[in-house]
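Nothing in this text is a laboratory measurement; each read-out follows from the coordinates by a stated rule. On a predicted model such as this, the values are computed, not experimentally measured, just so you know. Cβ coordinates were reconstructed from backbone atoms using ideal geometry, including for glycine residues, and neighbour counts include every protein chain displayed.
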Amino acid sequence: MNQIAQLLKFYREIGVEYVRPVNIRTKIDIFKEIEKEVINCRKCELYKSRTNTVFGEGSVDADLMFVGEAPGRDEDIQGKPFVGRAGRLLRDLLKEIGIDIGNVYIANCLKCRPPNNRDPLPEELVSCFGYLKKQIEMVNPRVIATLGRYSTYELTNQKGTLGTLRGRVFYYQGIRVVPLYHPAYLLRNPKAVEIFLDDLKKVKELFEK
Ligand code: URA
């Protein structure tokens, strides 16, 4: 008999009828704890200029997870990922393919906005990676779609242009990773939308299989 069963037997013998388990943390509790860490984070200089941290959003049990680059102006103001122009395009394109936004989880490499939306610095990516790593471990999705170069490089360890990496399947800790164009790139290059939609269809097939 294991130790817990022995203990319960002992309690029954001394007349205890009900034992209430305490301190069982749900996934949502754990996410709230990590988010609190992020809110108080000062690992890099970005905390000085942020309005809000942008932790991530969506279903903690999602089969599909999107990982973008960093919050922009709208995200910094609202504290939510992909709520600006690029985010609206992403949400529209997901709808077009029939992916329910309520069933995905969305996060970024960086949880704070770089000033004037400049590119993330290597030390910022390193400082913030632990948070993304924990989010991925907790959600444990079937597929991760990386949006743009930074999340692609971080999770696939590949170098090269997104044009050569997009739509291919890589692995991060045994989870399939499919790089996609960043929606901000699509706003500048509308011709790439068709390619993005094809890649997104592939992602849908992969996580539904
Ligand atoms: N671009 C990103 O990479 N992430 C966001 O949350 C918004 C824009």
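Brief remarks on what is shown
- Residue match in segment 60-76 (condition: in a helix (DSSP H, G or I), in contact with a helix residue (DSSP H, G or I) (Cβ under 9 Å, 6 or more places away or on another chain), loosely packed, with under 15 Cβ neighbours inside 10 Å and not acidic (Asp, Glu)): yes
- When Lys133, Lys191 are screened for being closer than 26 Å to Glu37 by Cα, away from the ligand (no atom under 16 Å from the Cβ) and either of a type in the set (Lys, Arg) or touching a Gly at 6+ places or on another chain (Cβ under 6 Å) (or both), only Lys133 passes.
- Meets criteria (surrounded by 12 or more Cβ atoms within 10 Å (Cβ to Cβ) and more than 37 Å from the chain's Cα centre (by Cα)) for Tyr11: yes
- Checklist (1) in contact with a strand residue (DSSP E or B) (Cβ under 7 Å, 6 or more places away or on another chain); (2) farther than 28 Å from Asp198 by Cα; (3) β-branched (Val, Ile, Thr) applied to Thr152, failing item: (2)
- Some residue of segment 187-200 being surrounded by 16 or more Cβ atoms within 10 Å (Cβ to Cβ), closer than 13 Å to Phe66 by Cβ and either in contact with a Ser or Thr (Cβ under 8 Å, 6 or more places away or on another chain) or not aliphatic (A, V, I, L, M) (or both): yes
- Residue within segment 30-42 that is in contact (Cβ under 8 Å) with a residue 60 or more places away in the chain and farther than 30 Å from Asp100 by Cβ present: yes
- Test: Ala192 is assigned to a strand (DSSP E or B), of a type in the set (Gly, Ala, Ser) and closer than 28 Å to Arg73 by Cβ: no
- Close Cβ contacts (under 9 Å, 6 or more residues apart or on different chains) running from residues in segment 94-110 that are closer than 16 Å to Pro81 by Cβ and in a helix (DSSP H, G or I) to residues that are β-branched (Val, Ile, Thr) and within 16 Å of the ligand (Cβ to nearest atom) comprise Leu94/Ile101; Leu94/Val104.
Yes/no per residue for (1) away from the ligand (no atom under 16 Å from the Cβ); (2) of a type in the set (Val, Ile, Thr):
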residue: Asn23; (1), (2): yes, no
residue: Lys32; (1), (2): yes, no
residue: Cys44; (1), (2): yes, no
residue: Thr53; (1), (2): no, yes
residue: Glu57; (1), (2): no, no
residue: Val60; (1), (2): yes, yes
residue: Arg73; (1), (2): no, no
residue: Asp100; (1), (2): yes, no
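- Output for segment 46-59, where each listed residue is surrounded by fewer than 16 Cβ atoms within 10 Å (Cβ to Cβ) and of a type in the set (Ser, Thr, Tyr): Tyr47, Ser49, Thr51
- Residue match in segment 151-171 (condition: away from the ligand (no atom under 16 Å from the Cβ), over 30 Å from Thr51 (Cβ atoms), under 16 Å from the mean Cα position of the chain (by Cα) and surrounded by 14 or more Cβ atoms within 10 Å (Cβ to Cβ)): yes
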